[in-house]
Amino acid sequence: MRKLVAIREQQIFGVRPQRTFRQAATKFLTEVNKRSIARDADCLKNLDPYIGDLMIENVHMGTLQKYIAHRRKLGIKSSTVTRELAIVRRILTLAARVWRDDNNKPWIDTAPLLEMPKWEDSSEPYPLNWIEQERLFSLLPEHLQAMALFKVNTGLREQSVCWLRWEWEVVVPELNTSIFVIPGRKVVFEDGTWPGEKNKEDQIVVINRIAQSVIDQQRGKHSTYVFAYEDRRICRIHNTGWKNAWRNAGLPTDGSYKMGPHNLKHTFGRRLRAAGVSLETRKTLLHHTNGDITTHYSGAELGELINAVELIAGENSRKNPALTLIRKKTSRPRKLTG
C-alpha cells in the first residue's frame, strides 16, 4: 500500500522518490566509465555500512563523521580517506547536477560541502641509494626486477610501466636508438581504461643503456605488452612481492616514508639532479606538464634528453644484480617517419 501511495504521489504531484546512497553508488558504479572504477568500488564497500542505508539527501559531513573517525582509528592515511570522500562528493554532485527522475527532477537539490581531512600524516618519499637499490632489487621476483630497473631509469609512473606497449616504440635512426611515445588521456582503450601519464599530452620516454637492455630482454615475451607474466599484462608493481622485498631489504616500514614503487620515480629525479641535469630537462624527463607539445622534438633535443638519462647509468648502476637478468636480443621496432 505504501508503495502505491508513493508511486501516486510521484506521478500526480511530482514528489521526488526517496533513494538511498547505496542506490546512488550502484548507479555510479554501473554507469560511470573510468580507469579506477574497481578501486572506487572497494572504497564504496568500506563506506556502505555507515551511509549505505541513508537517504541520499542525508549524506553530509555530519553523517560521515563516524566513518572518518573509524578510518583514522585504524591508522588509515588522511590522503586515503580524502580519496574515499571524493567519490562520495562525486556521487552527490552527479545526483544534484546530472541525474534526473521521470519528472525531470534532480535526485537531490544541492550537493553538500564535504571538508577533506588534513591530519598532517602524509608519508615522505624515500629515494633509494645504490646499495638500497641493489638490496631491494635482488629480493624482487624476476618479472618485478625488470620493471623496477626500467622504472628507476626512466622515471615512469607505475601504471605507465604496466601498460607499456610495443606499438608505442619508435625508432630514431639518426640517434641509433628508440624511444617510446605513450598516449595521453585523449587515448582510451576499448575497455574504457586509459594507460597514460597524468597529463593530456602524449609523453616521450627516452631510455638509457640500462633501460634499453631491459627492453631487449623483454622482446618476444608478449605480443602487445612490454612487461608480462605468464602471457598476461602485469597490472601492478606494488603487490605482495614488492611489499615483501621492501620489508626484507630492511627499508622503512613505520609509516614515515612511502613504501611503494613511486619511490623509484623520486630516485630517478634525485639522481638526475645530483648529476647536474637542469630543472627544465628534469621536468621533461619526469613527465611534468609544461604546456608544450611534448612529442615534437628535434634530433638534437632528443639527444640532449638521452645524454641526461645516460648520466645515471653509471658504474654503480651496472653493478646491480638485476642486470644479470638482461640478455641482448634482436628486434625490429617500428621506425620514426615523417
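The values are calculated or read from the model by the stated rules, or taken from the named source; none is laboratory data. Note that the structure is predicted; figures quoted are calculated from it, not measured. Cβ placement follows ideal geometry from the backbone for every residue including glycine, while neighbour counts extend to all protein chains displayed.
Given the criteria modelled with pLDDT under 90 and either exposed (fewer than 14 other Cβ atoms within 10 Å of the Cβ) or of a type outside the set (S, T, N, Q) (or both), does Arg318 qualify? Give the steps one after another, and end with the answer.
Details: modelled with pLDDT under 90: yes; either exposed (fewer than 14 other Cβ atoms within 10 Å of the Cβ) or of a type outside the set (S, T, N, Q) (or both): yes.
In short, yes.
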Per the filter on region 14-54, residues surrounded by fewer than 14 Cβ atoms within 10 Å (Cβ to Cβ) and closer than 17 Å to Ala111 by Cα are Gln18
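Among the residues of region 113-161, which ones are hydrophobic (A, V, I, L, M, F, W, C), in contact with a Ser or Thr (Cβ under 9 Å, 6 or more places away or on another chain) and part of a loop (DSSP other than H, G, I, E, B)?
Restricting attention to region 113-161, the residues satisfying the condition of being hydrophobic (A, V, I, L, M, F, W, C) are 113-114, 116, 119, 128, 130-131, 136-137, 139-140, 144, 146-150, 152, 156, 161.
Keeping just the survivors that are in contact with a Ser or Thr (Cβ under 9 Å, 6 or more places away or on another chain) gives 116, 119, 128, 130, 149, 152, 161.
Within region 113-161, Met116, Trp119, Leu128 qualify.
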Which of (1) among the small types (Gly, Ala, Ser); (2) at pLDDT below 95; (3) surrounded by 14 or more Cβ atoms within 10 Å (Cβ to Cβ) does Gly241 not meet, given it meets every other one?
-> (2)
Counted residues in region 134-178 being in contact with a Leu (Cβ under 7 Å, 6 or more places away or on another chain) and either within 17 Å of Thr240 (Cβ to Cβ) or among the hydrophobic types (A, V, I, L, M, F, W, C) (or both) come to 11
Can you find a residue in region 140-156 that is assigned by TED's automatic domain parsing to the domain that holds Val205 and touching a Cys at 6+ places or on another chain (Cβ under 9 Å)?
-> yes
Of Glu120, Glu115, Glu134, Glu124, which residue is more than 18 Å from Asp40 (Cβ to Cβ), of a type in the set (Asp, Glu) and crowded, with 17+ Cβ neighbours inside 10 Å?
-> Glu134
Looking at region 200-255, which of its residues are more than 27 Å from Leu302 (Cβ to Cβ), of a type in the set (Ser, Thr, Tyr) and assigned to a helix (DSSP H, G or I)?
-> Thr240
May I ask you to list the residues in region 55-74 that are surrounded by 14 or more Cβ atoms within 10 Å (Cβ to Cβ) and closer than 19 Å to Pro117 by Cβ?
-> Val59, His60, Thr63, Leu64, Tyr67, Ile68, His70, Arg71, Arg72
Output the residues belonging to region 115-156 that are under 20 Å from Glu230 (Cα atoms) and of a type in the set (S, T, N, Q).
-> Gln145
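Condition test on Ile207, is it aliphatic (A, V, I, L, M) and either modelled with pLDDT under 90 or in contact with a Cys (Cβ under 7 Å, 6 or more places away or on another chain) (or both)? Steps first, answer last, please.
Working: aliphatic (A, V, I, L, M): yes; either modelled with pLDDT under 90 or in contact with a Cys (Cβ under 7 Å, 6 or more places away or on another chain) (or both): no.
No, not satisfied.
Here is a check on your reading of the model: is Ile87 outside any helix (DSSP H, G or I) and under 27 Å from the mean Cα position of the chain (by Cα)?
Values: outside any helix (DSSP H, G or I): no; under 27 Å from the mean Cα position of the chain (by Cα): yes.
Spelling it out, it is not the case that Ile87 is outside any helix (DSSP H, G or I) and under 27 Å from the mean Cα position of the chain (by Cα).
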